[in-house]
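To start, the structure under review is shown below, and the notes come after it.
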Amino acid sequence: MILDSKIPAGPLAEKWTKHKFNSKLVNPANKRKYDVIVVGTGLAGASAAASLAELGYNVKAFTFHDSPRRAHSIAAQGGINAAKNYQNDGDSIYRLFYDTIKGGDYRSREGNVYRLAEVSVKIIDQCVAQGVPFAREYGGLLANRSFGGAQVSRTFYARGQTGQQLLLGAYSALSRQVANGKVKLYPRTEMMDVVMVDGQARGIVTRNLITGAVETHAAHAVLLCTGGYGNVFFLSTNAMGCNVTAAWRAHKRGAYFANPCFTQIHPTCIPVSGDHQSKLTLMSESLRNDGRVWVPASKENAEKLRKGQIKVSDLKEEDRDYFLERKYPSFGNLVPRDVASRNAKEACDDGRGVNETGEAVFLDFRDAIKRDGKAVIESKYGNLFDMYKQITGEDPYTSPMMIYPAVHYTMGGLWVDYNLMTTIPGLYCLGEANFSDHGANRLGASALMQGLADGYFVIPYTIGDYLAQTPPKKVDETHPEFAKVAQEVKNRISQLLNIDGKQTIDHFHKKLGKIMWNYCGMARTAEGLAKAKAEIKALKKEFWSDVKVLGTNEELNLSLEKAHRVADFLELGELMVDDALNRNESCGGHFREEYQTPEGEALRDDENFAYVAAWKYMGEGQEEELNKEPLIFENVKLTQRSYK
Amino acid sequence: MKLTLKIWRQKNASDKGGFATYPVDHVSKDMSFLEMLDVLNEELTEKGEDPVHFDHDCREGICGTCSLVINGKPHGPLQTTTCQLHMRSFEDGQSITIEPWRAKAFPVVKDLVVDRYAFDRIIQAGGYVNINTGGVPDANEIPIPKTIADLAMDAAQCIGCGACVAACKNASAMLFTSAKVSQLALLPQGQVERKTRVEKMVAQMDAEGFGACTNTGACEAECPKGISLTNIARMNREYFSASLTSENV
Ligand SMILES: Cc1cc2nc3c(=O)[nH]c(=O)nc-3n(C[C@H](O)[C@H](O)[C@H](O)COP(=O)(O)OP(=O)(O)OC[C@H]3O[C@@H](n4cnc5c(N)ncnc54)[C@H](O)[C@@H]3O)c2cc1C
Ligand code: SF4
Ligand code: FES
C-alpha cells in the first residue's frame, strides 16, 4: 500500500489554512445526524469530545478510568509549549517548528509539525478562557520557563501541575457537554476491539469493568485517544493503567503501526530502589533550568561515595564533572532528553555513577539556592522537592537529588495522515497514541501541546471532511459484524480465564519489561535485539499456557483487565524489536550502538532511513510487513544535530 | 518488617462485606503502601485467592484515584495520598486496618473500591466556564494579579480524591465543591456565571446525599493537597450573595 500522508501542497505556512478551506463541511443542521465515538478522555480525548459536541455531533466518550479527570495526562508536571513570544526573546511559529523538527532528529513530517506550532498559540488562549490558572508575573501577565532543546522561554506552566490543570480544563469543557446531553460518558468501560463494516470503522466493542458485560456501540467515526504504551517496559513513569490495547486491537484490524521502537527515556527520574518497585517517578525536566547535573570526576571518588566513605560535601569543585555543561556549552543542562539520558548512562557505565546501585547521577540545586535563595526555588519546585523527599526520605534542599533515566513517552503509535486518520477509513487516532509529530525524540512540554492541538483545533476540521462524504444513515449494532466481533472478545476472555496456569500476570509483565529495557532501551544492538525477539516469542508462548487469571468475567476483575493488556504488550514488544532491528541508524531516542559518531552521538543515515516505518499486521504468528512513508524536507536542511 | 493487615473484603455492591486478616512479612521500609499491597496480592494470586481490589493509577499523588482509610484515617497517618505513603511511616509488628471510603454518596463497588461519580455530577452541574472552543481572546488580554492567580491555583489543586468526604462525620462534600467554586469565582473568566454556578453546584451536592458542613475542619486536616477551609467560607459567601440576588430563573 502507498501511504498517502495527505500533506497539502504549497508553502509551509499556508498548508493548514488551505487545507481547512479545501475540507468539506457538514452543515450545522446535519451535524446532529452524525455519531462519533471517542475512546479515551485524557487531554486529546476530552478536548476532542468536547469540541465535537459543541459543533453539534453526538458523542459517546469511553474511558476505563472512573472519571475523565484521572487520565494519565493529569500527571504531566512541567508545562506546555506555545510560540507566543510573550517574552520578546526571539520565538516564533517557525522557531518552534524548527526546534521540534530538529529535536525529533528529522524523523517527523514538516507539514504536521508546522501546523502544531501554528495552533499552539490558540491552545493557551483557550485554556486561559476556561479558567486554567497558569503561573503569572507580578504585572498580571503569563509567566514562562524554558525546557530542553530550546533557547527561548516558551513553556507555560501551572506550578508543577500543568497537566492536571490542562486536563481539568478539558474535563470541565467535557462535563459541560455531558450536562448538555451532547456527550454520553461511559466511565469504567474498556474498549476491546474495533468493528469494521465494508472496510470502514463503524463502531467498537467494550467491556463494562464493573459487570463484565460485553457491549457494542456503532457510530459514523471512531477516535482513539488512548495514550502511550511506555508500560510495555513494566517500569516507566506512566500511570499503572496505561496500555496499548485499544491501539493494538485496531492494528490487528488493519491500522498500521508507525515507528514502534521510538521510545523516550527521560533523564530525570528517581532511581530504582528495589524489586518491589511498581513504577518510576519523574522529576520534571523544568528542574534542569536551575539544577546542575554532575557525577564525581574520578571513579575512585564515585566508589567512595557509593560505599558511604565520603560525603557529597567532601567533593571540591574540581572533583565534580558537570558533564552536560562540559560537553554541550551552549545548551548545557538543557540539552534534549535523549542526549541527557545517554550521557547519564555513559557516566554510570564509566563507573562514575552514584547511589548504592551506581545507577544514578546528581541533580544539584546548591548553586541555585545560593544565587536565588531557598524561597525562590521553593516557589518554583516546592511540590517536586516534597515528592522527592517523600519517596526517597532525603531532602533536596540540603543534599543533591539523585536521578536516573526511565521510560517516559512513546513517539511511535498508530500511523495517521495529516487528517489524523489511520489506514482504516473512519478510524482516527489523537494524542500520544498516534505517531505524528515528534519524530524520534519529543521535546519537553510538547506532548500536552500536541494532545490539545489534535483535540481542540485539528480534528474538528478534519473529521468534517470525512463525515461530509459519509451518508448519515448509520450502520447500526444489528449488523452481524458487531455480534461477530463481540463473540471474538468473549472467546478471548474465556480463553484467558481458562488457562489456569501457575504464574501471575505481573511475573510475565516484569519479565517482558526486563527484556525490553535490556535490549530495546537506551542502547540497542542487532545482536541484542535478535536475542530479545527469541526471548519474547518464548515468553508469549509461556504466557498463553501458564498464566493464572483468577475470578470470573461478571465482576470487577483487575487480574482479567491486566491479563488482556499484558497479552497485547507481548505482541507489541516483538514489533518494537523488529522495528529497532530494521532501523540501521541511530536517531533521537533510538540509539543503535553500531551507528554513532566518534564523539558518541547518534549517527543518522538520511539516505536510507529518512522514512516512517509503518507496520502492517499480517495475522497470528506472521512477520509484519514494513511499509515506508518517505519523509520529504523542503524547508529545513538535515544536519547532524548539535547542541554544543 | 512483619505486619498484620485487617482488610475490608466485599464481593460487590450488594454483599455485606467484612474484615479479613492477612499476615505479611518481607516488607521493606522503602516500599510504598500500595507496593506492599501488590506484594500481598501476588501472594494471594499464587495461592489462588482473589486479590484485594483497590483503586490506584498514577502512584504520584496527582490523579486522585487511590483511596484507602488506613487505621481510621483517609490516606493514612501522613497528610498525603495513599500512593505517596511509604512503609517507613509504620512500625515493625504493627497491625494495620484498611477500609474503603465510607459515605452514602460513595457506594462500595468491590473490596476497597468505591464509586465517586457523584463528584463528576457536581462538576457537570456548573464547574466550568460556558465557552466553546475557538473565538476566545488572547491569553494576555486580561491581566490577572499574581496573588489572585495563586489563590485560584491553590484551590484548583484539588485532585477529587474524596478524602474530605471520608474524613467528615457528616460525609460533606463542601471542601471539594468549594475548591472549584473558589477557583472560578476568583478568576475574571468565572465572573459571568458566578452566581448561577454556586447555586447549581450546591444544589447538586445536596441532591447526591452528601451531608451538611458543621465546621469541624476534619476535611482540611486530611486533605492531601492542603485545600483550605477558607474555600468553604468563600463558597458560603458566594452562595449567600447569590441567593440574595439570584439570577436563576
Ligand atoms: C509523569 C509524566 C509527566 C509528563 N509531563 C509532561 C509535561 O510536562 N509536558 C508535556 O507536554 N508532556 C508531559 N508528559 C506527557 C503527556 O502527559 C502525555 O503524553 C499526554 O498527556 C498524553 O495524553 P493523551 O490524551 O494522549 O493520553 P492519556 O492522558 O494517557 O489518556 C488516555 C485515555 O485513554 C483511556 N483509555 C486507554 N485505553 C483505553 C481502552 N482500551 N478503553 C477505554 N479507554 C481507554 C484512558 O482511560 C484515558 O482516558 C508527561 C508524562 C508523564 C508520564
Ligand atoms: S478537597 Fe482535598 S480531600 Fe477533598 S477531594 Fe479535593 S484533594 Fe481530595
Ligand atoms: S494513585 Fe494517583 S493519587 Fe494516588
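The values are calculated or read from the model by the stated rules, or taken from the named source; none is laboratory data. Keep in mind the model is a prediction, meaning the values are calculated, not measured. Cβ sites come from the backbone with ideal geometry, for glycine too, and all protein chains shown count toward neighbours.
Worth a mention:
- If you filter segment A:22-47 down to residues that are crowded, with 24+ Cβ neighbours inside 10 Å and among the polar types (S, T, N, Q), you find that the one that is nearest to the other protein chains (Cβ to nearest Cβ) is A:Ser47.
Every residue, every condition in (1) touching an Asp or Glu at 6+ places or on another chain (Cβ under 7 Å); (2) outside any loop (DSSP other than H, G, I, E, B), yes or no:
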residue	(1), (2)
B:Thr4	no, yes
B:Asn12	yes, no
B:Lys16	no, no
B:Phe19	no, yes
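- Filtering A:Ala71, A:Ala82, A:Ala75, A:Ala50 for residues that are in contact with a His (Cβ under 9 Å, 6 or more places away or on another chain) and within 10 Å of chain B (Cβ to nearest Cβ) leaves a single hit, A:Ala71.
- Sole exception among (1) assigned to a helix (DSSP H, G or I); (2) under 22 Å from B:Lys225 (Cα atoms) for A:Arg159, by number: (1)
- Output for segment A:165-181, where each listed residue is buried (at least 24 other Cβ atoms within 10 Å of the Cβ) and aliphatic (A, V, I, L, M): A:Leu166, A:Leu167, A:Leu168, A:Ala170, A:Ala173, A:Leu174
- Looking across segment A:368-399, just one residue is among the hydrophobic types (A, V, I, L, M, F, W, C) and loosely packed, with under 13 Cβ neighbours inside 10 Å, and that is A:Ala375.
- Count of residues meeting criterion [more than 7 Å from chain A (Cβ to nearest Cβ), more than 20 Å from B:Thr82 (Cβ to Cβ) and in contact (Cβ under 8 Å) with a residue 40 or more places away in the chain] in segment B:5-62: 2
- Tally of residues being part of a helix (DSSP H, G or I) and surrounded by 15 or more Cβ atoms within 10 Å (Cβ to Cβ) across segment A:519-530: 4
- Within segment A:249-362, helices (runs of 4 or more DSSP H) holding 3 or more residues that are more than 19 Å from the chain's Cα centre (by Cα) and within 23 Å of A:Met522 (Cα to Cα): A:323-327, A:337-347
- Filter result for B:Pro107 (surrounded by fewer than 22 Cβ atoms within 10 Å (Cβ to Cβ), under 30 Å from A:Gln87 (Cβ atoms) and at pLDDT 95 or above): no
- Of all residues in segment B:200-223 being charged (D, E, K, R) and in contact (Cβ under 8 Å) with a residue 60 or more places away in the chain, the one that is farthest from B:Ala118 (Cα to Cα): B:Glu222
- A:Gln126 surrounded by 24 or more Cβ atoms within 10 Å (Cβ to Cβ), modelled with pLDDT of 95 or more and within 11 Å of chain B (Cβ to nearest Cβ): yes
- Here segment A:545-560 is the region considered, the condition is being among the acidic types (Asp, Glu) and in a loop (DSSP other than H, G, I, E, B), and the residue that is nearest to the other protein chains (Cβ to nearest Cβ) is A:Glu555.
- Some residue of segment A:449-465 being free of Cβ contacts under 8 Å to residues at least 40 places away in the same chain and either among the hydroxyl-bearing types (Ser, Thr, Tyr) or in a helix (DSSP H, G or I) (or both): no
- Scanning segment B:43-50 for residues that are closer than 20 Å to A:Asp275 by Cα, away from ligand 1 (no atom under 16 Å from the Cβ) and buried (at least 24 other Cβ atoms within 10 Å of the Cβ) turns up nothing.
- Scan of segment A:347-357 for residues that are surrounded by fewer than 17 Cβ atoms within 10 Å (Cβ to Cβ) and either charged (D, E, K, R) or touching a helix residue (DSSP H, G or I) at 6+ places or on another chain (Cβ under 7 Å) (or both), ordered by number: A:Asp349, A:Asp350, A:Gly351, A:Glu356
- Of the criteria (1) in contact (Cβ under 8 Å) with a residue 60 or more places away in the chain; (2) among the aliphatic types (A, V, I, L, M); (3) more than 16 Å from ligand 3 (Cβ to nearest atom), which one B:Ile227 fails: (3)
- Conditions (1) away from ligand 3 (no atom under 16 Å from the Cβ); (2) within 14 Å of chain B (Cβ to nearest Cβ); number of the one not met by A:Arg109: (2)
- Count of segment A:98-146 residues which are in contact (Cβ under 8 Å) with a residue 40 or more places away in the chain and closer than 30 Å to A:Phe609 by Cα: 22
- Just so you know, in segment B:96-138 the residues that are in contact with a Lys or Arg (Cβ under 7 Å, 6 or more places away or on another chain) and in a loop (DSSP other than H, G, I, E, B) include one that is farthest from the other protein chains (Cβ to nearest Cβ), and it is B:Phe106.
- Any chance B:Ala207 is away from ligand 1 (no atom under 16 Å from the Cβ), out of contact with any Cys (no Cβ under 8 Å at 6 or more places or on another chain) and more than 18 Å from A:Gln165 (Cβ to Cβ): yes
- Being surrounded by fewer than 24 Cβ atoms within 10 Å (Cβ to Cβ), away from every other protein chain (no Cβ under 14 Å) and more than 27 Å from A:Gly588 (Cα to Cα) is a property that A:Arg326 lacks.
- Number of the condition not met by B:Glu141 [criteria: (1) assigned to a loop (DSSP other than H, G, I, E, B); (2) within 28 Å of A:Pro187 (Cβ to Cβ); (3) more than 7 Å from chain A (Cβ to nearest Cβ); (4) of a type outside the set (A, V, I, L, M, F, W, C)]: (2)
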